[in-house]
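Structure first, commentary second.
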Amino acid sequence: MPDVFDPRLYAEGVPYERYRVLRDHHPVAWQEERAVLGWPAGPGFWAVTRHADVVRVLKDPATYSSYLGATQIRDPAPDDLPFIRRMMLNQDPAAAGAGGRSAGAGPADHGRLRRLVSHAFTPRRIERFEAAVRERARTLLDAAVRQAGAGDGTFDVVATVTDDYALLNLADLLGVPAADRGLLLHWTQRVIGYQDPDEAAAPVLGPDGAPVNPRSPAMLRDMFEYAGTLAAHKRAHPGDDVLTTLATEPELDAAELEMFFFLLTVAGNDTVRGAAPGGVLALSESPREYERLRTGGAPMATAVEELLRRHPPVLSFRRTAVRDTELAGTRIAAGDKVVVFHASAHHDERVFTDPHRLDLTRSPNPHVAFGDGPHVCLGAHFARLQLRVFHEELTRALPVLRLASPPRRLVSHFINGLKSLHVEVPA
């Protein structure tokens, strides 16, 4: 059975051939959770690789719960689970029905929290940021091109453009002061990059000698203290930003606000931080499509959807079976972990014609880069705006797009991240 769990695989590239074998022969396949990179072995899980089955799992919280074991492949420590369940991402909606409720899924909390945060992400607020987002993309790209011209003729898209682009856009939306914005990247790297020896510091070990989960209360204390301080500042000095909206919401308690800050900081930053350079990589591998995009032969909005299909920022998400069930002819027991693989679903020949070909006019394009069902990403509109503007400015700044060296990829089976992506600047 092809292994798609080991995070080290993904440093070499997304394992599309392994996904294909699973889709064709074992669409719901048992995966061993072996000890790796200092992290202990786990009980194993079912890998779901076909598009139809991925969508089915994401749309059926009554059967496949986000609450029971949260949404990461590795099981959290039992003492940490109640804390992790405070995050909206790790709750089930009221529609989960009796199965979710009997498991204590807190359906009222999910609906209430989603409604409250949706008020902060109004279309008017998001659209207001477009001019600032465009100026930032243009400034960062132009500076990188100038620096490359004065140097060796190359620049790293990740280090010089997209890390700052994603971070500063998110900081503007949240209302984080300029002096504190580096903290957002620090926290994101700590939570997202913990599997990668290059990204992570030496792991903090618990009393049992095992690494402490970076999503545990102990590891998030500094972020939460900052969130409380910033919320108090926003109540005293309100602005037109998401943190002001959340900090002044009477239905939201301090613990819920802290979890929202965590979710928005990590998910809001890393979605664009992964998708923007991923789009550059995909376009560099398809020069005809890049020229088509640059000359107006492909609508930018449609192109962004195809780039998200080709390089989804999230590779996988976990659910837990609420009851005994069956998926694609495979029996799944209550309590089993069920993990959907987005990148595999996006290359399913049953849904996408010639899926390994980049087609910037592909339509329809039912990718699941932002999820599906009750947990579909609330920040998808803001992410799409940033990606559209970024690629518009990229095609202006670089008439030709060529890689100077192969990309360096994140060691992770969760985030489809690039650590560096060097491109050439035409003389």
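The values are calculated or read from the model by the stated rules, or taken from the named source; none is laboratory data. These numbers were taken from a predicted model, which means no experiment stands behind them. All Cβ positions, glycine included, derive from the backbone under ideal geometry; neighbour counts span all protein chains shown. Just the protein is used for accessible areas: all its heavy atoms, side chains included, with ligands, DNA and RNA removed. Shrake-Rupley method; radii C 1.70, N 1.55, O 1.52, S 1.80 Å.
Hydrophobic, long helices, defined as DSSP H runs whose alpha-carbon span along the helix axis is 27 Å or greater and whose mean Kyte-Doolittle value is at least 0.0, occur in the chain at 254-284. Counting heavy atoms of the protein chains alone, PHE129 has an accessible area of about 20 Å² for a 1.4 Å probe.
Whole number in Å², please: accessible area per residue of the chain, 1.4 Å probe, ligands, DNA and RNA not counted. Kindly include the intermediate steps, with their values, before the conclusion.
Numbers: 16740 Å² over 427 residues.
Heavy-atom SASA per residue in the chain reads 39 Å².
Divide the volume of the convex hull around the Cα atoms of the chain by the residue count and you get 138 Å³ per residue.
About its Cα centre, the dipole of the chain is roughly 700 debye, where the only charges are +1 on Lys and Arg Cβ and -1 on Asp and Glu Cβ.
For the range 1-152, the fraction of 1.4 Å probe accessible surface lying on carbon and sulfur atoms is 55 percent. Once backbone amide H atoms are built at 1.01 Å from N, LEU360 has no partners under 5 Å, excluding neighbours fewer than 5 places away on the same chain. Put simply, the amide H of HIS347, placed in the peptide plane, has no neighbours under 5 Å, leaving out anything fewer than 5 places away on its chain. Straightening the chain between ALA404 and ARG221 buys 61.8 nm, computed as 0.36 nm per residue apart minus the Cα-Cα spacing.
Using the rule -39500 (n - 2.57) for each DSSP H run of four or more residues, divided by the residues of the chain, the 222 nm mean residue ellipticity is -14000 deg cm²/dmol. Positive-end ranking of LEU418, SER405, LEU281 along the dipole of the chain, with charges on Cβ about the Cα centre, is headed by LEU281. Computed from label points 7 Å out along Cα-Cβ, the spacing between ASP240 and HIS25 is 5.8 nm. Close amide H contacts of ILE332 (hydrogens built in the peptide plane, cut-off under 5 Å, sequence separation of 5 or more or a different chain): THR325, GLU326, LEU327.
Counted residue by residue at 0.36 nm each, then reduced by the alpha carbon distance between them, the extension gain from GLU17 to GLU32 reaches 3.5 nm.
Under the convention that each Lys and Arg Cβ holds +1 and each Asp and Glu Cβ holds -1, the size of the dipole of the range 31-170 around its Cα centre is about 700 debye.
Compute the semi-axes of the equivalent ellipsoid of the range 251-331, taking the square root of 5 times each eigenvalue of the Cα gyration tensor, and list them largest first in whole Å.
Working: eigenvalues 232, 108, 22 Å².
Calculated on Cα positions only, the semi-axes equal 34, 23, 10 Å.
Carbon and sulfur: what percent of the range 277-427's accessible surface (1.4 Å probe)? On the range 277-427, the fraction of accessible area on carbon and sulfur atoms equals 51 percent. Loop-resident GluC sites (Glu not before Pro) (DSSP state other than H, G, I, E or B) in the range 8-43 with no more than 16 further Cβ atoms inside 10 Å of their Cβ: GLU32.
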